[in-house]
Each structure stands twice: as structure tokens, then as C-alpha cells.
Amino acid sequence: MSFNSFGHVFRFTTWGESHGPALGAVVDGCPPGLALSEGDLQPFLDARRPGQSRFTTQRQEPDAVRILSGTFEGRTTGTPIALMIENVDQRSKDYSEVAKAYRPGHADYAYDAKYGFRDYRGGGRSSARETAARVAAGGVARLVIPEVTITGWVSEIGGDAIDMANFDRAEIGRNPFFCPDAAAAARWEALVDSARKAGSSLGAVVECAATGVPAGWGAPLYAKLDAELAHAMMGINAVKGVEIGDGFAAARGTGESNADAMRPGADGPAFLANHAGGIAGGISTGQPVVVRVAFKPTSSILTSVETVTREGAATELMTKGRHDPCVGIRGVPVVEAMMALVLADQKLLHRAQCG
């Protein structure tokens, strides 16, 4: 079977394809009585929307979300919330060659191997276009966790990382890279432009921090908060690695360097560090929950790559169409959405067990 749903109590299912008439999500388990309108969701979709700079795909989609069910007089009713986003700027003719041969790095061959049939137009269900539905669902999830503030940013493109000493949260919205370091954003303009003009692409690392998460969310074993976050982030298109807190750097430290020392505080322990990323034993500690997500370079490039046809013959393929030279840039709103969806689910799970 194919899995198109995510979550336990707060659960969502996405539907639709890149070049179909529309895509969307059905959100179930949302508590009743929350104020909800399209205007509450649209800012998050606008942040992810394509065609806003030369550093992203030039596909022009308004990504206007419609709420089809689950609200009455501007409030959630506790019933399934259906969200729809129309596709208005498809160019299926750009994928005529993809119908005959597999794009290396894409899901083309894997889909054929599994289903014996695939929608080659923009990758169909495997397209990153599907993440628009997740961002819409994530907007609903944020209403469930008003005590939490979620902030994502790009910390690295093409191996060039930001300087945390220059971190300025206000800078994230001032440049097309969601970059908190103005100097790094200036460097990235030339870096991404060079890759784009060469018909190539670059990878990126997206970081996301959730502040205001109280201690106690998560579970000790099979619903660990960090495991749920890793599951959520690895399910995003083009993601090939996830770290919580210090992640792999923790393996290169010592017990004393990795310990999050504690001192007495006014409202519980005051932590002197956050190497664990706000999670210990699968349960939130009250510290900021921090996740780092690695996006591979976009596989659709204007450079010929060796591949095979559906019949198994050797050939070369250059992907036509409009594609992101760095897919990780628009990954920031998606990472934020998945963080919100996991935390909303974990809050409701915690309340169900512990009151």
C-alpha cells in the first residue's frame, strides 16, 4: 500500500499531483472552536510559493488555498478540514522526453519498479509540488500550538555556511534565501546564480527551532519526539539527512562536552547548553527544539546525464522545464510546517494521556 497520511491524533492526508487540476490536504483531529480562515493559512503558502525570485523555479502558481469543509462561522468544527490548492501553470509538454527515459536522482525508475506505471508530468505524486499541501496543513497545526514559535532558516548552501555570530532573525525575511546572515546571503546570490547559469544545482541545509515547547511532550520509546521529527523531515522531497540538536557532531565529542548542564531556575532547571536539541529520552525538556535538515541538489538539471530508457537502452537525458537551482531554499516553509504538524500531534497525545 502507499502511505499518504501522517500523524496520530492530529492527522493529515495529502492528495494530488504536480500537473493535475489541484492538490490539497484533509486535516483530521483538529480541536473544535479554533478561529480559522484562508487568510490564516495563506502567508505560509506565500512563503513557499514558486517564482518569487530568480533563485527558484519560475513556475507561476498563486497557491491560493480554499477551505472546503471543517469550519462554520469562521471556527473549526472538529470535523475533517479539506484544503484545496489549484494548479494553474503546468507545462506538461516539457516532460515528453521524461516519458521515455528515467531522470537520474528522481523517483522515475523507483515508481516504475513499484507500480509498473507512473505520471511523468513533473514527477506526478513524487514532485515537491505536493509539499504545498503540507504547508497548508501546517498552518492549521500552528493554531493548535499557539504557545510555540517556529522559525526556520537556511544555514548552508553549496557547502557555504552562515556565521552564527551574524545571526539576525529579522534578516530571514529580507532576502530570498531565508538567510539570517546578511553577508552569507550576499555570497549566495553569486553562488546560486553561477549554478543556475551553468544548468546545475546546489544542495542546502535548513535549520528550524521551536521555542515555547513545554517539558513533557513525546514518549520514551516508540513515539519519541525526536524520532517523530526525523520521520517527518525525512518524508520531505529531496531530504537525505536529519539531525536533532548537535546531531552527528555529538558523536565527535565527550560526555562532559555533550552534557546539557543544569542549575536551579525560577520555573524548573535552567539549562546551560542545548546540545540535545530540546529533547531527552524522546521527551521535550522545555528547551528550544532544534532540527537540521539536509536537502540534496535538485536532480532536474540542464546538463545531460547518462541514464536508460524504460526499455533498458543506454541514453542521455537533459531535463527541460522550470526547476529550482536550490530546492532547499523553498524547503524552509515545508520544514516549519512539518515541525508544527509533529508538535500539534504530540501536544494532543500528551493531553490524551496526562490531561
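What follows is calculated from the coordinates using simple rules that are stated; it is not laboratory data. This is a predicted model, so every value here is computed, not measured. We place every Cβ from the backbone using ideal geometry, glycine too, and count neighbours over all the protein chains shown.
Of Ala128, Tyr115, Ser155, which is farthest on the positive side of the dipole of region 83-199, counting Cα position, with +1 on Lys and Arg Cβ, -1 on Asp and Glu Cβ, and the Cα centre as origin?
Positive-end residue among those listed: Tyr115.
Sum up the charges of everything whose Cβ sits under 10 Å from the Cβ of Arg125, counting Lys and Arg as +1 and Asp and Glu as -1, but leave Arg125 out.
Numbers: positive: Arg118, Arg129; negative: Glu17, Asp119, Glu130.
For residues surrounding Arg125, the net value is -1.
So if I take the centroid of the Cα atoms in region 63-78 and the same for region 274-328, what is the distance between those two points in Å?
Rounded to whole Å, the Cα centres lie 32 Å apart.
Quick one, could you list the DSSP H helices from the chain stretching 18 Å or more along their long axis (Cα atoms) with average Kyte-Doolittle hydropathy of -1.0 or above?
Long hydrophobic helices here: 131-144, 182-197, 331-354.
Based on the Kirkwood radius over alpha-carbon pairs, what value in µm²/s does the Stokes-Einstein equation return for the translational diffusion coefficient of region 89-200 at 10 °C and 1.306 mPa s?
In µm²/s, the coefficient rounds to 91.
For region 149-225, what Kirkwood radius comes out of the mean inverse Cα-Cα distance, in Å? Don't jump to the answer; show the numbers that get you there.
Working: mean 1/r = 0.0704 Å⁻¹.
Averaging 1/r across every pair of different Cα atoms and inverting gives 14.2 Å.
Rounded to the nearest 500 deg cm²/dmol, what is the calculated helix-only ellipticity per residue at 222 nm for the chain, with -39500 (n - 2.57) per DSSP H run of length n ≥ 4? Please list the in-between numbers first.
On the way: 7 runs with 87 residues, N = 355.
Per the formula, -7500 deg cm²/dmol.
At R0 = 25 Å, how high is the FRET efficiency between Ala280 and Lys240 if r is their beta carbon distance? Nearest 0.05 is fine.
0.45
What ³J(HN,Hα) values, in whole Hz, does the Karplus curve 6.51 cos²θ - 1.76 cosθ + 1.60 give for region 167-179 when θ = phi - 60°, with x put for Gly and Pro?
4, 9, 4, 5, 6, 4, x, 9, 9, x, 10, 6, 9
Using only Cα positions of region 183-299, each an equal point scatterer, no hydration layer, compute I(q)/I(0) via Debye at q = 0.12, 0.16 Å⁻¹ and quote the log10 values to two decimals.
The Cα Debye sum returns log10 ratios of -0.56, -0.85.
Under a no-solvent Debye model with one identical scatterer per Cα of the chain, what's log10 I(q)/I(0) at q = 0.11, 0.14 Å⁻¹?
-0.78, -1.22
Across 10 Å bins from 0, what is the distribution of all Cα-Cα pair distances for region 273-355, in whole percents?
Whole-percent P(r) values from 0 Å outward: 14, 27, 23, 16, 16, 5, 0.
Mind listing which GluC sites (Glu not before Pro) in region 105-190 are in a DSSP loop and have 11 or fewer other Cβ atoms within 10 Å?
Glu147
Two decimals is fine: what is log10 I(q)/I(0) at q = 0.12, 0.15, 0.19 Å⁻¹ for region 118-274, from a Debye sum with one equal scatterer on every Cα and no solvent?
Each listed q corresponds, in turn, to -0.74, -1.15, -1.59.
Compute the distance in nm between two label points, each set 7 Å from the Cα along the Cα-to-Cβ direction, one at Glu316 and one at Thr211.
Here the modelled spin labels are 5.2 nm apart.
Taking the alpha carbon gyration tensor of region 202-255, what are the square roots of 5 times its eigenvalues, largest first, to the nearest whole Å?
The equivalent ellipsoid of region 202-255 has semi-axes of 20, 17, 12 Å.
Compute the relative contact order of the chain as a whole-number percentage, counting only Cα pairs closer than 8 Å that sit 6 or more residues apart in sequence.
22
Measure off 7 Å from each Cα along the Cα-to-Cβ vector at Ala182 and Glu86, then give the distance between these two points in nanometres to one decimal.
The modelled label-to-label distance comes out at 4.1 nm.
With each pseudo-label sitting 7 Å past Cα toward Cβ, what's the Glu73-Phe3 distance in nm, one decimal?
Label-label distance for Glu73 and Phe3, simple model: 4.0 nm.
What ratio of Cα Rg to 2.2 N^0.38 Å holds for region 234-277?
Values: Rg = 14.3 Å, N = 44, 2.2 N^0.38 = 9.3 Å.
Compared with the compact-globule rule of thumb, region 234-277 sits at 1.54.
Let me check I've understood the local charge: for Asp193, count other residues with C-beta under 15 angstrom from its C-beta, Lys and Arg +1, Asp and Glu -1. What total comes out?
Net of charged neighbours comes to +1.
Please work out how much length the chain gains when fully extended from Met262 to Met164, using 0.36 nm per residue of separation minus the C-alpha to C-alpha distance, in nm with one decimal.
On the way: separation 98, 0.36 × 98 = 35.28 nm, distance 2.36 nm.
Length difference between fully extended and current span is 32.9 nm.
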